[in-house]
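Data block below; observations after.
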Amino acid sequence: KSKKNEIEIKDANPEDFDEMLKIMYGNSTESITVENAIRFLTMADMFDIQIAKDRLENFLLSTDFISIHRKYLLAEEHNLKILK
């Protein structure tokens with residue numbers, strides 16, 4: 001059991017990580033956009049946070065601000081089976 005009060009998170013923007021946690025817990029104060037959804041998906045993959053991926057996938061399913069081709073590429077890249 002770790003007794004650390006802090007865990008260092010490398011290779012992630014702290015503000016983006018904070019927003020992704022809010023998405024994960026269902027209380028994001030920032031509207032999800034196509035741009036930040038893509039960043040958050042990358043981070044969710046990096047930290048293996050499936051619930052964040054699920055919520056971001058639902059966003060991508062519902063948005064018309066991204067082409068079907070781009071959605072397919074994202075689905076392939078991030079293993080989003082429903083989006084695919």
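Where a number appears in this text, it was derived from the coordinates with a stated rule and is not lab data. All values derive from a computational prediction rather than experimental measurement. Methodologically, a virtual Cβ is constructed for each residue, glycine included, from the backbone with ideal geometry; neighbour enumeration extends over all protein chains shown.
Considering only DSSP states other than H, G, I, E and B, which GluC sites (Glu not before Pro) in the range 6-47 qualify as loop sites with at most 15 other Cβ atoms within 10 Å?
GLU6, GLU8, GLU30
What does the C-alpha gyration tensor say about the overall shape of the chain? Classify as rounded when a/c is under 1.5, otherwise prolate if a/b is larger than b/c, or oblate.
Here the chain falls in the prolate category.
Any idea what angle helix 34-47 forms with the longest principal axis of the chain, computed on alpha-carbon atoms, 0 to 90 degrees, nearest 10?
Roughly 50 degrees between the two axes.
In the chain, what is the count of Lys pairs whose alpha carbons are under 17 Å apart, counting only pairs at least 8 residues apart or on separate chains?
Lysine pairs, 8 or more places apart or on different chains, close enough: 6.
Using DSSP to call loops (not H, G, I, E or B), can you name the chymotrypsin sites (Phe, Trp or Tyr not before Pro) in the chain whose Cβ has at most 15 other Cβ atoms within 10 angstrom?
Counting only loop positions with at most 15 other Cβ atoms within 10 Å, the chymotrypsin sites (Phe, Trp or Tyr not before Pro) in the chain are TYR25, PHE65.
Compute the length gained on full extension between ASN79 and ILE51: take 0.36 nm times their separation in residues and subtract their Cα-Cα distance, giving the result in nm to one decimal.
Extra length from ASN79 to ILE51 when fully extended: 8.7 nm.
So what's the angle, to the nearest 10 degrees on a 0 to 90 scale, between helix 68-78 and the longest Cα principal axis of the chain?
Result, in degrees: 30.
I need the calculated FRET efficiency for the pair THR63 and ILE9, taking r as the beta carbon distance and R₀ as 22 Å, to the nearest 0.05.
The value I calculate is 0.20.
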